[in-house]
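Structure, as structure tokens:
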Amino acid sequence: MSCARWRPRPVQLLALGGCIALGFALVDGNWWGDQASDEPPRKAEAAAEATIAAALPASQAPAAATQPAPAASVAPASRAAPPAPAQAAAEAHAAFEQALSYIDCAERAADAASGPAALSEAYALDPSGRLAQAEFAAARRLGERCRAVGPNELRSAQEMLQSAAQRGDTDARSYLLARRAQAWMRHLADPSGTPAVDEAEAASVRAGLEALALAGHRSSMEQLAQMLEANAPAQADPTQAAAWRVVAHLADSGWPGDAQVLGMMPGIVDVPDGEPAQAVLRASAALHARCCGTAN
């Protein structure tokens with residue numbers, strides 16, 4: 001039966017529905033299979049877009065639809081790194097040297113006040129005048145170096161010394177300990193005319209000097225020997241004092257041997273021969289092994 005010549009009968013109505021469905025299918029292409037055939041066109045469309053993007057310059061290529069990258073966390077500004085140990089040690093020692101230069105200027109300025117008397121003493125010691133000329137030249141150089149040193153610099157010298165010692169400079173630590181030791185020894189020599197220094201202070205100074213001496217610090221060895229030679233029952237130790245003087249003489253070298261040390265000892269310390277000298281030798285060998293090397 002042709003769709004164009006239909007008659008309004010029930011059976012023909014069914015045929016009409018089929019013709020309408022067929023027409024939609026012909027117009028739409030594949031009306032029954034739209035859902036099944038939708039994926040392939042999408043893939044083809046994506047491939048075409050990729051081809052076009054590759055052919056365009058980078059500035060004209062369409063941007064890819066991507067998720068925004070998470071914001072990078074910005075690290076807080078780090079604090080300046082502390083100076084390296086070698087740099088810190090050099091800075092501490094420079095502060096110590098600067099403080100000493102201030103103190104030296106103050107002491108020499110005080111000596112310069114008695115200029116004529118000092119020159120007279122130099123001429124008395126050396127009638128040729130060479131010593132006086134050298135003293136005058138030294139005073140002139142000091143004047144040039146100390147011209148910029150005033151009261152503020154002199155007041156800051158003590159703070160600089162303390163700061164250098166706190167930062168571990170061994171020369172500054174030894175210098176401050178030596179000043180305390182000298183104050184104690186002045187009090188021993190003149191108890192009524194100097195500030196009192198108790199035994200606890202002396203013991204503290206001795207312990208500090210011993211620690212530096214055992215670490216190989218030569219000036220501390222010499223200062224410790226002076227303390228041990230002092231006329232103070234709680235601190236006096238003549239054998240240890242002589243031993244430290246021998247060790248200070250050999251601090252930068254190895255132990256040369258007992259016989260050689262005994263031979264050079266009279267030029268270093270005044271120790272009687274026999275057992276006293278042997279006791280100093282044994283103490284020197286033990287201390288040298290602890291601070292500066294090993295005894296052969």
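Taken as a whole, segment 141-163 holds no residue that is more than 16 Å from Y102 (Cα to Cα) and open to solvent by less than 30 Å² (accessible area, probe 1.4 Å).
Only one residue in D169, D237 is among the charged types (D, E, K, R) and open to solvent by less than 30 Å² (accessible area, probe 1.4 Å), so which one is that? Let's see the steps before the verdict.
Details: D237 fails: open to solvent by less than 30 Å² (accessible area, probe 1.4 Å).
It is D169.
In this structure, does A248 turn out to be among the small types (G, A, S), touching a Ser or Thr at 6+ places or on another chain (Cβ under 9 Å), part of a helix (DSSP H, G or I) and surrounded by fewer than 19 Cβ atoms within 10 Å (Cβ to Cβ)?
Values: among the small types (G, A, S): yes; touching a Ser or Thr at 6+ places or on another chain (Cβ under 9 Å): yes; part of a helix (DSSP H, G or I): yes; surrounded by fewer than 19 Cβ atoms within 10 Å (Cβ to Cβ): no.
The answer is no for A248.
On the given criteria, is Q182 surrounded by fewer than 17 Cβ atoms within 10 Å (Cβ to Cβ), at pLDDT 90 or above and either within 21 Å of A90 (Cβ to Cβ) or touching a Cys at 6+ places or on another chain (Cβ under 8 Å) (or both)? I'd like the intermediate steps shown before the answer.
Numbers: surrounded by fewer than 17 Cβ atoms within 10 Å (Cβ to Cβ): yes; at pLDDT 90 or above: yes; either within 21 Å of A90 (Cβ to Cβ) or touching a Cys at 6+ places or on another chain (Cβ under 8 Å) (or both): no.
No, not satisfied.
Quick one: would you say H187 is touching a Pro at 6+ places or on another chain (Cβ under 8 Å), of a type outside the set (K, R) and open to solvent by 20 Å² or more (accessible area, probe 1.4 Å)? So that I can check it myself, show each step before the final result.
Values: touching a Pro at 6+ places or on another chain (Cβ under 8 Å): yes; of a type outside the set (K, R): yes; open to solvent by 20 Å² or more (accessible area, probe 1.4 Å): yes.
Yes.
Just a yes or no: is a residue in segment 200-208 at positive phi and either modelled with pLDDT under 90 or in contact with a helix residue (DSSP H, G or I) (Cβ under 7 Å, 6 or more places away or on another chain) (or both)? The answer is no; no qualifying residue exists.
The values are calculated or read from the model by the stated rules, or taken from the named source; none is laboratory data. Given the structure is predicted, the values throughout are model-derived calculations rather than measurements. In this analysis, Cβ positions are derived from the backbone assuming ideal geometry, glycine residues included, and neighbour counts consider all displayed protein chains. Surface areas here come from the heavy atoms of the whole protein model, side chains and all, with no ligands, DNA or RNA. Shrake-Rupley method; radii C 1.70, N 1.55, O 1.52, S 1.80 Å.
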